[in-house]
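Enquirer: Quick one: the structure is below, and I'll ask about it shortly.
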Amino acid sequence: MRTLKLAGATAATGFALTMLASPHAQAAPAVKAAVVASATHHATIRCGKGLGGNKTVKFHWSAGFATTKIFFTNDCTKRKTITATVVVREYGYEGRVSYLCLPLNTHGQTHGNKKFGLHVYTVLRGSPRSTFYC
């Protein structure tokens, strides 16, 4: 029985050492791809004159597979609404890409989040010209 356990442990150790020595067994590219897929994006817009001066509204999000949740912190003056434009990317038939502009209103001195059913591309200052395509 003791010989059987020793043979099994020796075989497992040999296999592990073989995998470490093999150049094809490196896991670094897989880990790197996972980090890129879950990257966090940031955007910052200034409040402007009469709305808080150099104070900012900060946004951050991680692109999900089907939905994206944007988190925001608005440091602008209380009772002032800052409108941002969320640009989302849509993939259509035959590889066509289109961009959709959606408004995101944030009230002064608040923080929160908003969920979008599409892949968020970027966040810009101001109201969108249309809520359809940019």
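Enquirer: Return the total of residues in the stretch 82-129 being among the β-branched types (Val, Ile, Thr), free of Cβ contacts under 8 Å to residues at least 60 places away in the same chain and either more than 15 Å from residue 72 (Cα to Cα) or crowded, with 17+ Cβ neighbours inside 10 Å (or both).
Expert: Total meeting the criteria: 7.
Enquirer: Please specify each residue of the stretch 83-111 satisfying the condition of being out of contact with any strand residue (DSSP E or B) (no Cβ under 9 Å at 6 or more places or on another chain) and aromatic (Phe, Trp, Tyr).
Expert: Residue satisfying the conditions is 93 alone.
Enquirer: Output yes when any residue across the stretch 33-40 is modelled with pLDDT of 90 or more and open to solvent by 80 Å² or more (accessible area, probe 1.4 Å), and no when none is.
Expert: no
The rows are residues; the columns are (1) outside any strand (DSSP E or B); (2) closer than 25 Å to residue 53 by Cα; (3) of a type in the set (Lys, Arg).
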position: 70; (1), (2), (3): no, yes, no
position: 85; (1), (2), (3): no, yes, no
position: 98; (1), (2), (3): no, no, no
position: 101; (1), (2), (3): no, no, no
position: 115; (1), (2), (3): no, no, yes
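Enquirer: Just to be sure, is residue 99 within 17 Å of residue 128 (Cβ to Cβ) and hydroxyl-bearing (Ser, Thr, Tyr)?
Expert: Against the criterion (within 17 Å of residue 128 (Cβ to Cβ) and hydroxyl-bearing (Ser, Thr, Tyr)), residue 99 qualifies.
The values are calculated or read from the model by the stated rules, or taken from the named source; none is laboratory data. Quantities reported herein were computed from a predicted structural model and do not represent experimental measurements. No Cβ is skipped: glycine too gets one built from the backbone with ideal geometry, and neighbour counts run over all protein chains shown. These accessible areas exclude ligands, DNA and RNA; they are computed on the full protein's heavy atoms, side chains included. Shrake-Rupley method; radii C 1.70, N 1.55, O 1.52, S 1.80 Å.
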